[in-house]
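Peer 1: Before anything else, here's the structure in question.
The values are calculated or read from the model by the stated rules, or taken from the named source; none is laboratory data. Since we're looking at a predicted model, the values are computed, not measured. Because the Cβ atoms are built from the backbone with ideal geometry, glycine has one as well, and the counts that use them run over all protein chains shown.
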Amino acid sequence: MSKKYQVVKGFRDILPPESKLFWLAEKLARDLFARFGYQEILLPVLESYDLFACSIGTGTDIVEKEMFIVPDKKGQNLVLRPEATASVVRAYVEGLASQGPAKLFYFGPMFRYERPQKGRYRQFWQIGAEAIGYGGPGVDAELILLLDLYFKDLGLAEIQIRINNLGCKICRPSYREALVKYLTDNEAGLCEDCRRRLSTNPLRVLDCKNEACKTIAQSAPCPGEFLCVDCASHFEGLQRLLNLQKVSFQVDPRLVRGLDYYTRTVFEFQAQTGLGAQNAVVGGGRYDGLVEEMGGNPAPAIGFALGVERLALLLEQKISRSELVAGPEVFLIFSGEEAYRFAFQLLFLLRASGLYAEMAIDEPSRSLRSQLKFSDRIKSKSALIIGEDELKNKLLNLKLMESGKELKLEYQGLKNLANIDWEELKSHLQTPGFAYAGREYEQTLVQNRDLLKLLKIYFNELNKLEA
Ligand SMILES: [Zn+2]
Ligand SMILES: [Zn+2]
């Protein structure tokens, strides 16, 4: 036996039908974000080590412990990106800044070298957006409203929005000073990591998961008490705009984000049910100083990252497996060689016209019975039976799987139906006293536009046989 390969430790395959959840999340993001003026940016997965050390900050867990470092052949340290904001800013400064402000979004895998544990992998997926060159609270509101609509469109209503303001480079230092003083007074109660964070990244103590640290954090001073006039007015402006759209949110004075670069607005979208304690699906915030720190001209900016794995978990609880694995509109069932050839041609015409059609394509001699079984197993919505008789006498023999209804028509009836157009069909049905042999079928067709398309294409193909 040859060697059996396994997925690398800490990584996983996202198999169907779960992959469909990722696809849904991505597809909606593309459609919706475009309507908000966000354009897609495709970024490399590898970046230089320094990019993250500079932007995320050397005192963070990400840079200290979780970077996925890949030495290249020249001994230079590259990393698999742990997040994408730094990459977006790098790309903006390098290639877009001369065009002014930019609204960008991305979709892709991120990497962190964490100890593998249940539900956590070294490769995970994010959808994110960054608005660079925008300083006012309007774009902060826009991003939050964009996400609110995104979750609503996905059918996820129980998501709570939390916002806070961390202050700017003018007011932040006095807050930091007060925080460090408070934490130093309580240092004995902090965990080992937090004692170290005290000097490197004291804000990070506020979202430590350790129970003792949580208790201490609860009485710590909040950034809101230290805001300068501009920061306070920015925060009020954001709340006014959110209220104008009647979106519900909570001001959470203890909401912080662990990375050094955040300023002013920070926000989180948290699932009320379905995720347990790790319930944040989106984290975002403003980083007004980062573009300049990374070598660009000063440009205020804000962005968010959404965890696709957590989103998929929520969607999985909403969408049934049968919705996720949609069967073909039609399964073509053939009997005999001539019917196989006819069905084979019809199959690609249907697909080219936009229908999901399927048949037992590599088994020309498969029995009718086993084809029907196969059609059932993949949850086809209808089965079109094509045998010698159907071809010779030009008949329609279509079975609708859900209702069990069989549509059987002879050539003339099929011809009449195939000639009807959709709008006409609807108006026929609204005409009082309208009598027509195909009426029962029409009613079925009104409910299923794809079926009408199928009949038209089938009829056209039958018609060619005659010629
Ligand atoms: Zn300020
Ligand atoms: Zn701690």
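Peer 1: Would you check if Ala141 is among the small types (Gly, Ala, Ser) and assigned to a helix (DSSP H, G or I)?
Peer 2: yes
Peer 1: Would you check if Leu347 is in a loop (DSSP other than H, G, I, E, B), within 37 Å of the chain's Cα centre (by Cα) and surrounded by 13 or more Cβ atoms within 10 Å (Cβ to Cβ)?
Peer 2: no
Peer 1: Inside the range 1-22, can you point out the residues that are under 20 Å from Tyr150 (Cβ atoms) and surrounded by 14 or more Cβ atoms within 10 Å (Cβ to Cβ)? Write out each step before concluding.
Peer 2: We begin by selecting, within the range 1-22, every residue under 20 Å from Tyr150 (Cβ atoms); these are 18-22.
Once the filter is applied, which keeps residues that are under 20 Å from Tyr150 (Cβ atoms) and surrounded by 14 or more Cβ atoms within 10 Å (Cβ to Cβ), the range 1-22 yields Glu18, Lys20, Leu21, Phe22.
Peer 1: Quickly run through the range 144-183 and pick out the residues that are near ligand 1 (Cβ under 10 Å from one of its atoms) and either of a type in the set (A, V, I, L, M, F, W, C) or assigned to a strand (DSSP E or B) (or both).
Peer 2: Those that are near ligand 1 (Cβ under 10 Å from one of its atoms) and either of a type in the set (A, V, I, L, M, F, W, C) or assigned to a strand (DSSP E or B) (or both): Asn165, Leu166, Cys168, Ile170, Cys171.
Peer 1: Starting from residues that are modelled with pLDDT of 95 or more and not in a helix (DSSP H, G or I), keep the ones in the range 208-240 and report whichever is nearest to ligand 1 (Cβ to nearest atom).
Peer 2: Here the answer is Cys228.
Peer 1: Would you say Arg286 is within 15 Å of ligand 1 (Cβ to nearest atom) and at positive phi?
Peer 2: No, not satisfied.
Peer 1: Ok, one more. Would you say Leu414 is among the hydrophobic types (A, V, I, L, M, F, W, C), modelled with pLDDT under 95, assigned by TED's automatic domain parsing to the domain that holds Ala343 and more than 39 Å from the chain's Cα centre (by Cα)? Can you show your working first?
Peer 2: On the way: among the hydrophobic types (A, V, I, L, M, F, W, C): yes; modelled with pLDDT under 95: yes; assigned by TED's automatic domain parsing to the domain that holds Ala343: yes; more than 39 Å from the chain's Cα centre (by Cα): yes.
Yes.
Peer 1: Sticking with this structure for a sec: Among what's in the range 135-162 and is crowded, with 16+ Cβ neighbours inside 10 Å and more than 25 Å from Glu26 (Cα to Cα), pick the residue that is farthest from ligand 2 (Cβ to nearest atom).
Peer 2: Gly135
Peer 1: Which of the following residues is in a loop (DSSP other than H, G, I, E, B), more than 30 Å from Gly289 (Cβ to Cβ), in the same structural domain as Leu462 (by TED's automatic domain parsing) and in contact with a strand residue (DSSP E or B) (Cβ under 9 Å, 6 or more places away or on another chain): Leu355, Leu332? If you could, list the steps in order and put the result at the bottom.
Peer 2: Values: Leu332 fails: in a loop (DSSP other than H, G, I, E, B).
On inspection, the qualifying residue turns out to be Leu355.
Peer 1: Answer yes or no: is there a residue in the range 242-258 that is within 16 Å of ligand 1 (Cβ to nearest atom) and of a type in the set (Phe, Trp, Tyr).
Peer 2: Among the residues of the range 242-258, not one is within 16 Å of ligand 1 (Cβ to nearest atom) and of a type in the set (Phe, Trp, Tyr), which makes the answer no.
Peer 1: A further question on this structure: With respect to Glu114, determine if the residue is buried (at least 16 other Cβ atoms within 10 Å of the Cβ) and within 23 Å of the chain's Cα centre (by Cα).
Peer 2: no
Peer 1: Right, something else. Is it the case that Gly258 is assigned to a loop (DSSP other than H, G, I, E, B), surrounded by 13 or more Cβ atoms within 10 Å (Cβ to Cβ) and within 15 Å of ligand 2 (Cβ to nearest atom)?
Peer 2: So Gly258 fits the description; yes.
Peer 1: I want to confirm something. Restricting to the range 245-255 and keeping residues that are in contact (Cβ under 8 Å) with a residue 12 or more places away in the chain and farther than 17 Å from Ala220 by Cα, which single residue is surrounded by the fewest Cβ atoms within 10 Å (Cβ to Cβ)?
Peer 2: Of the range 245-255, the ones in contact (Cβ under 8 Å) with a residue 12 or more places away in the chain are 245, 247-255.
Subsequent filtering for residues that are farther than 17 Å from Ala220 by Cα retains 245, 247-250.
Working: Gln245: 12, Val247: 16, Ser248: 9, Phe249: 17, Gln250: 13.
Across the range 245-255, the extreme among qualifying residues is Ser248.
Peer 1: Which residues, counting only those in the range 15-44, are in a loop (DSSP other than H, G, I, E, B) and in contact (Cβ under 8 Å) with a residue 12 or more places away in the chain?
Peer 2: Pro16, Pro17, Phe36, Gly37, Tyr38, Ile41, Leu42, Leu43, Pro44, listed by residue number.
Rundown of residues vs (1) under 26 Å from Gly119 (Cα atoms); (2) aliphatic (A, V, I, L, M), yes/no style:
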| position | (1), (2) |
| --- | --- |
| Tyr262 | no, no |
| Phe267 | yes, no |
| Gln272 | yes, no |
| Leu275 | yes, yes |
| Ala280 | yes, yes |
| Arg286 | no, no |
| Asn297 | no, no |
| Ala305 | yes, yes |
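Peer 1: If you take the residues in the range 220-244 that are loosely packed, with under 13 Cβ neighbours inside 10 Å and not charged (D, E, K, R), which one is farthest from ligand 2 (Cβ to nearest atom)?
Peer 2: Leu244
Peer 1: A further question follows. Go through the range 369-387 and count every residue that is closer than 15 Å to Phe334 by Cα and exposed (fewer than 13 other Cβ atoms within 10 Å of the Cβ).
Peer 2: Of the residues in the range 369-387, 3 are closer than 15 Å to Phe334 by Cα and exposed (fewer than 13 other Cβ atoms within 10 Å of the Cβ).
Peer 1: Out of curiosity, is Ala188 in contact with a helix residue (DSSP H, G or I) (Cβ under 7 Å, 6 or more places away or on another chain) and within 16 Å of ligand 2 (Cβ to nearest atom)?
Peer 2: Criteria not met by Ala188.
Peer 1: Only one residue in Lys73, Lys65 is basic (Lys, Arg) and without any contact (Cβ under 8 Å) to a residue 12 or more places away in the chain, so which one is that?
Peer 2: Lys73
Peer 1: Separate question: How do the pairs read when you match residues in the range 205-218 that are of a type in the set (D, E, K, R) with residues anywhere that are modelled with pLDDT under 90 and near ligand 2 (Cβ under 8 Å from one of its atoms), using Cβ under 9 Å and keeping only pairs 6 or more apart or on different chains?
Peer 2: Listed pairs, sorted by first residue: Lys214/Cys208.
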